[in-house]
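The values are calculated or read from the model by the stated rules, or taken from the named source; none is laboratory data. Since this is a predicted model, take the numbers as computed values, not measurements. Cβ placement follows ideal geometry from the backbone for every residue including glycine, while neighbour counts extend to all protein chains displayed. What goes into the accessible areas is simple: the full protein's heavy atoms, side chains included, and nothing from ligands, DNA or RNA. Shrake-Rupley method; radii C 1.70, N 1.55, O 1.52, S 1.80 Å.
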Amino acid sequence: MTREHVISAAALHEAFGEPVRNVLSAEFLGEKILIDHEQCLKDVCDSCNPKLSPYDAAGSRLVSELVNGNSAHPITVTFTIYTLGWLIKTHLNFIRLIKDRELNQAYPVRQRIKSCLISGLPIPTSYYALYAEGWEDNGKFWNAESDKKIQFINYRSIRFKTQRIVLSNLRVRNLDTILLIPSDEDYKRFEKRVQLVIDEIYATWGFAFQKIDIASMLKNKKLVVNKLLTADEIMKLIRR
């Protein structure tokens with residue numbers, strides 16, 4: 001077995017330099033905010049890890065686009081099958097770190113998802129749902145000198161018991177994404193259950209995430225996020 005960074009080292013170095021100088025917040029850290037932290041997993045087989053390198057390179061390019069002045073609306077970034085794979089892989093890495101608090105067990109992930117990632121093949125879209133929202137870049141939120149700066153990377157998850165869905169929420173700078181998979185690996189009525197979760201998110205918190213059309217995105221090799229959380233909405237969210 002070998003180590004793998006939860007967020008690939010290449011992406012971290014692209015965002016924060018080398019050595020890494022970052023600020024990370026995530027639910028599995030409790031209330032702590034860690035400085036210069038590179039979370040790792042230690043359960044990746046020796047032969048599998050090198051096969052994930054194309055995803056890490058794509059993730060580094062994505063972070064570079066977000067860092068280097070991508071403040072226009074709508075957010076538009078290059079997105080290939082490897083960028084998508086990096087994003088899904090990163091979400092799943094975080095899901096592997098967290099547990100169902102009631103059962104104290106890791107959430108199961110369909111083996112075919114893992115196999116597709118290792119083989120460089122498209123993951124069937126029936127196995128997951130991906131949504132995104134942009135955060136308005138007001139020139140202060142990710143400015144190290146600003147007193148209004150916020151974390152570059154933030155992660156949290158929610159298990160929706162009734163719908164048996166685990167929602168993984170990862171924000172990298174101004175690109176906020178959610179990945180939804182069954183919390184029990186049961187895909188019966190999965191699409192309907194996902195929609196009920198999305199409806200609940202909007203009714204409870206007012207978030208209006210945009211569903212990503214995977215086929216169109218990969219055809220155009222571009223992710224366009226029209227949904228935008230304004231600076232005022234972001235400040236209200238931070239103060240909660």
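Observations, loosely collected:
- Only residues that are within 22 Å of Val77 (Cβ to Cβ) and not hydrophobic (A, V, I, L, M, F, W, C) were counted in the stretch 218-240, giving 8.
- Residue match in the stretch 176-192 (condition: assigned to a loop (DSSP other than H, G, I, E, B), modelled with pLDDT under 95 and in contact with a helix residue (DSSP H, G or I) (Cβ under 8 Å, 6 or more places away or on another chain)): no
- Of the criteria (1) more than 15 Å from Thr125 (Cβ to Cβ); (2) touching a residue at least 24 places away in the same chain (Cβ under 8 Å); (3) in a strand (DSSP E or B), which one Ala208 fails: (3)
- Screening Lys222 with (1) within 26 Å of Thr80 (Cβ to Cβ); (2) in contact with a strand residue (DSSP E or B) (Cβ under 8 Å, 6 or more places away or on another chain); (3) in contact (Cβ under 8 Å) with a residue 60 or more places away in the chain; (4) open to solvent by less than 80 Å² (accessible area, probe 1.4 Å) gives one miss only, at (4).
- Residues located in the stretch 123-150, provided they are of a type in the set (S, T, N, Q), in a loop (DSSP other than H, G, I, E, B) and either modelled with pLDDT of 85 or more or open to solvent by 50 Å² or more (accessible area, probe 1.4 Å) (or both): Asn138, Asn143
- For the stretch 124-137, the criterion of being of a type outside the set (Phe, Trp, Tyr), on the phi < 0 side of the Ramachandran plot and in contact with a Gly (Cβ under 8 Å, 6 or more places away or on another chain) is met by no residue.
- The listed residue being charged (D, E, K, R) and within 14 Å of the chain's Cα centre (by Cα), out of Arg112, Arg96: Arg96
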